[in-house]
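One structure is given below, encoded as structure tokens.
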Amino acid sequence: MTSTHSNSASSSQGMKVLSKDDKDASMHTHFMHLAIEQAQLSAPVPSGYCVGAVLVQEAHQDLTSTEVPVADRFKVLATGHSRELPGNTHAEECCLLKLAEVEDKESQLLLNDPLLADLEKKNKNRRPKTELIMYSTMEPCSTRLSGNKSCSERLIESGVRRVYVGVREPDHFVKTVVGVENMVQEGIQVVHIPGFEEQCLAPNRHILH
């Protein structure tokens, strides 16, 4: 597949590249594989890309505790793919909407059960600090032609502090894509996982030639 791109991983302002020496490299590539599987579930349309995303929670271990296995530190909170939910939704947007729904249900349970709420309050300080990470096959958008809020804006507002991408957004629909730059400017660490470009673009063969 060939396509024109206005941005490349090497020219992205502030975006890092995942090192093979990263101690969690295998987990990051695992979640990118899951994101690609999600992208393949997207129904192709002429007006949008087929993207997959995975929202993960990483628990940061206490420095005084024993080493926690990598697999136990990472937990999938939600998955999403383009147009999965009503409203012309994007993959990252679907993940955030699903997480919000779960959190709303949990909050309602606590409101309805004072004993459970008290137990939750006592246990909260004992839990390790956590961080939200988004894995997406394609750079979160900076402009939506529909007028909806962009995914990079949603991620900035959501509290996600790290985003891993498989490929930058091609310039087929939007000529100047600055999702990476917008997130980096707001303090989000954006990391490109190399070697997945073809797999991430493959679900978009109907658009990119």
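The values are calculated or read from the model by the stated rules, or taken from the named source; none is laboratory data. Remember, predicted model here, so these are calculated numbers, not experimental data. All Cβ positions, glycine included, derive from the backbone under ideal geometry; neighbour counts span all protein chains shown.
At a glance:
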| quantity | calculated |
| --- | --- |
| All positions within region 144-168 that are under 18 Å from LEU96 (Cβ atoms), of a type outside the set (A, V, I, L, M, F, W, C) and in a loop (DSSP other than H, G, I, E, B) | ARG144, SER146, ASN148, LYS149, SER150, GLY159, ARG161 |
| Qualifying positions in region 35-57 - surrounded by fewer than 16 Cβ atoms within 10 Å (Cβ to Cβ) and within 20 Å of ILE133 (Cα to Cα) | GLU37, GLN57 |
| Output for region 184-206, where each listed residue is without any contact (Cβ under 8 Å) to a residue 40 or more places away in the chain and crowded, with 18+ Cβ neighbours inside 10 Å | ILE188, GLU197 |
| Among residues of region 171-209, those that are closer than 22 Å to LEU34 by Cβ and either of a type in the set (Val, Ile, Thr) or not in a helix (DSSP H, G or I) (or both), counted | 11 |
| Test for GLY166: is it closer than 17 Å to HIS28 by Cβ and either hydrophobic (A, V, I, L, M, F, W, C) or crowded, with 24+ Cβ neighbours inside 10 Å (or both) | yes |
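Residue-wise test of (1) buried (at least 17 other Cβ atoms within 10 Å of the Cβ); (2) in contact with a strand residue (DSSP E or B) (Cβ under 9 Å, 6 or more places away or on another chain); (3) at pLDDT 95 or above; (4) closer than 23 Å to ASP171 by Cβ.
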residue: CYS94; (1), (2), (3), (4): yes, yes, yes, no
residue: LYS105; (1), (2), (3), (4): no, no, no, no
residue: LEU110; (1), (2), (3), (4): no, no, no, no
residue: PRO114; (1), (2), (3), (4): no, no, no, no
residue: LYS122; (1), (2), (3), (4): no, no, no, no
residue: PRO128; (1), (2), (3), (4): no, yes, no, no
residue: GLU139; (1), (2), (3), (4): yes, yes, yes, yes
residue: SER142; (1), (2), (3), (4): yes, no, yes, yes
